[in-house]
Structures are given as C-alpha cells and as structure tokens.
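Read through the structure below, which is laid out as structure tokens, and then see the notes.
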Amino acid sequence: MRALQYRTIGSAPVLVEIDRPEPAPGQVLLKTTAAGVCHSDQFVMDLPQEQYDAFGFGLPLTLGHEGAGTVEAIGAGVTGITLGESMAVYGPWGCGRCHLCAQGKENYCTEAARLGIQPPGLGAPGSMADYLLIDDARHLVPLGELDPVANVSLTDAGLTPYHAIKMSLPKLVAGSTAVVIGAGGLGHVGIQIVKAMSSARVIAVDLSEQKLELAREVGADEAILSDGNTSAAIRELTHGLGATAVFDFVGAQSTVELASSVVAVEGDLTIVGIGGGMLPVGFGSLPYDVAVRTPYWGTRAELMEVLDLARAGKITVETEIFSLADAPQAYEKLHAGTIRGRAVIVP
Ligand code: NAD
Ligand code: 9ON
Ligand code: ZN
Ligand code: ZN
C-alpha cells in the first residue's frame, strides 16, 4: 500500500510503498477514506533531530492524525462493529484503563507515555496511507451518513477547539466576547463552535485578509488584522472591558502577549497553538482571576458531540482536497499560509 512518510529530518515527506498491515487480536484495519493535514505535522517536521528524538515519534513516520475510513478487516475478539462501516478515528489514544481514560479523557491518559502508546500519525502509523491500523475499536466513532472527506478534520480541527471552548461556556453568557486568534484549520471551526454553543460575540484575529474573510463567512462578528493595533481595537470593541475568553490557535509569543493584553477580569486565556509562546503568570501579571489553560485535543465523548454538531448542520469544515500523491504540496501550501480552512488528503 502507499503511505506518506516523514523519513529524513528536515526533508519533505515522501510517498512510499509499504506492506499492508494485518489487524492483530483486538485491532481493526480501516481502508482510509480521508486524512486531514494539521499544522502540528509541520511543527513536527520542523523539529531539529534532538528535539524530534525527544518526542519519540520515530522514523519513518507515516503522517496523518486526522483520519476516517471504512472497516476493512477486524481482528480476533473485536465485537460491535461491522465490515464496511464508515468511521472517524479518535486520535489521542490512551490506555483505556486509568482514571482519566475511564472518563473518556484518553487525551489526558496518565499511562500512555509509560506504555509507549502514541496517536496515529504522531508515533503510530497515521492516516495518510491506503490503510490505517486502529489499536482498539473504542477509538472508532461511526460517521453514519456524514461525508468522511468533509468531516474528517472534525477529529482534531473540530475536537480540539470544541474541548477548549466547552470549558469556557459557563462564562460565555449574553453580552460576552470571545476572541479567536488564528482563523486557520482549528480557528475557523472554533468560531462556528462558539457561535453554535453560546451567545458570545466573536472577534477573529489573523495575519491574512483571506483568513479574515473566511472568519466572517463562518460567523465571526468582527474580524481584524493581527498588527500593532489589534489590542487597542479589541479594547475598543469591548468598551474597555476586554474579552471574556481568548482562544489562541497560534500560541506564538506575539499572540499569547496579545491574548494577555485583551483578556478581561475573570476571563479565560486558552492557549491551543503550539507556537512556543510563554507568559509570565503570577499575581498582578494578568487581570484578577484570569484562568490560563493549555488544553490538548479532546475526549472520546466530545468527538461524538462534535460529529453531532455537524449532523445538526451547525458546523462545517472548509476543505481543500488533495490526492495522496499531491500531499507534499498540501504541506507546502499550509506552510505558505494559503490553505483556506483545512487540507484533506483523499487516497
Ligand atoms: P493553520 O495553519 O491551519 O492555522 C493557523 C492560522 O493562524 C492561520 O490562518 C495563520 O494565518 C494564523 N496566524 C499565524 N500567525 C498569526 C499571528 N501572529 N496572529 C494571528 N494569526 C496568525 O494551523 P492549525 O492546523 O489550525 O493549527 C493551529 C495551531 O494549533 C498550531 O500551532 C497547531 O500545532 C496547534 N494544535 C494544537 C492542538 C492541541 O491539542 N493543543 C491540536 C491541534 C493543533
Ligand atoms: O493534535 C495535534 O495537532 C497536536 C496536539 C499534536 C502535538 C504534538 O506535537 O504531539
Ligand atoms: Zn493536529
Ligand atoms: Zn489511560
């Protein structure tokens, strides 16, 4: 089968021919229907050797941590799923047994690292291949009638903002303001999630006019450029109060500083982007009682909820489709900042 693999530090990923895996007892083999392209893949491929090794992803790495597929083969002992069923893949695999996994919070599994359990595309072989091996059937959520290509990115670009935003919902009352920094893959879905789940006004911030246009199309009430005036503009739009919640889908030094300069008293400052920005946090460094969060991906139940939001027509992913052979171009476009919404690979 074909697989898009990151093989050499600092080089572009390449399409290679590898053996099709067989599901061992307990496992499931999917025939891939779609694979999403996340900026985290770029982050991983930009790491120097030493840091890459520290993450333990290994080489070669078959990319793709957003995945969907139809059930192709079922390992011994697996029950409850049928051949041919269309599935979304829950990516942050955990042990399934620890206290957090028992709550469906496999994204925060306390045993995964010790047991060497890694997400597909971030250690385990990922979805950018003709077939994808799933370690356990509980990591599959039926898509039903949802189109896998249009919805595959809900497994990360939907699930991650959903998890981040859901924690802030008690604060996002009528009259509140949510700032979404970065209207890319995660951000453009995040805007829709805030609008679908709360009555907050959304101010989107991005570097590019095209992304701001997309932000407005998907429901942002205001969309403003990220420049020296952004902080003042947000203060003005919020009558000096600042934003009830700031979701930073970039996480660079400049954006976490922007976030801290616009968050309101008792607000939430949620850093989702992994751009390496750091904030000094201590009494007086932020408005009173601001909560700073750094969430990772989302829970199994939340993936079901995100798919239900899509079924209800409340959220959609803007997609640009690429073949597996053209996947390296998708990463080039992502790197250049010219993907509108999410790039999706269709093998
Ligand atoms: P993306 O490239 O699709 O979107 C990023 C957007 O941010 C783009 O529209 C870009 O123009 C904009 N941007 C870049 N610099 C900016 C700045 N200084 N000010 C304002 N806007 C700026 O990326 P994505 O796939 O949506 O991922 C977003 C971030 O979230 C990445 O850092 C990714 O690695 C991270 N991520 C984190 C988690 C998690 O669980 N915490 C999960 C998935 C992705
Ligand atoms: O899901 C992603 O995109 C992120 C959270 C992966 C980050 C990483 O480097 O493991
Ligand atoms: Zn991701
Ligand atoms: Zn666990």
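List of remarks:
- The stretch 200-250-the stretch 8-70 distance, computed between alpha-carbon centres (Å): 33
- The chain: C-alpha gyration tensor shape, a/c 1.5 cut-off, then a/b vs b/c: prolate
- Model label zone, Phe55; criterion: amide N under 12 Å from point 7 Å along Cα-to-beta-carbon; scope the stretch 111-141: 119, 121-124
- In Hz, Karplus ³J(HN,Hα) per residue of the stretch 64-76 (6.51, -1.76, 1.60; θ = phi - 60°; x = Gly, Pro): x, 10, 10, x, 8, x, 9, 5, 9, 8, 10, x, 4
- Extension gain, Val173-Phe283: 0.36 nm per intervening residue step, less the Cα-Cα distance, totals 37.0 nm.
- Non-local Lys pairs in the chain, i.e. 8 or more apart or on different chains, that have alpha carbons under 25 Å apart: 13
- For Asp41, net neighbour charge (Lys/Arg +1, Asp/Glu -1) across residues whose Cβ lies under 11 Å away: -3
- Residues Ser285, Ser153, Ser231, arranged from fewest to most other Cβ atoms within 10 angstrom of their Cβ, appear as Ser285, Ser231, Ser153.
- Within the stretch 1-30: backbone nitrogen closer than 18 Å to the Arg97 label point (7 Å, Cα to C-beta): 25-27
- Working note: 222 nm ellipticity from helices only, DSSP H runs with n ≥ 4, each -39,500 (n - 2.57), summed and divided by the residues of the chain, gives -7500 deg cm²/dmol to the nearest 500.
- Rounded, prolate or oblate (a/c below 1.5 giving rounded, otherwise prolate when a/b exceeds b/c) for the stretch 175-272 by Cα gyration tensor: rounded
- Inter-label distance, nm, simple model (7 Å from Cα along the C-beta direction), Tyr296/Thr82: 3.7
- FRET efficiency for Ala336 and Val265, using Cβ-Cβ distance with R0 set to 41 Å, rounded to 0.05: 0.55
Laboratory data are not the source of any read-out in this text; all were calculated from the coordinates shown. Predicted model only: the values in this text are computed from it and were never measured. Because the Cβ atoms are built from the backbone with ideal geometry, glycine has one as well, and the counts that use them run over all protein chains shown.
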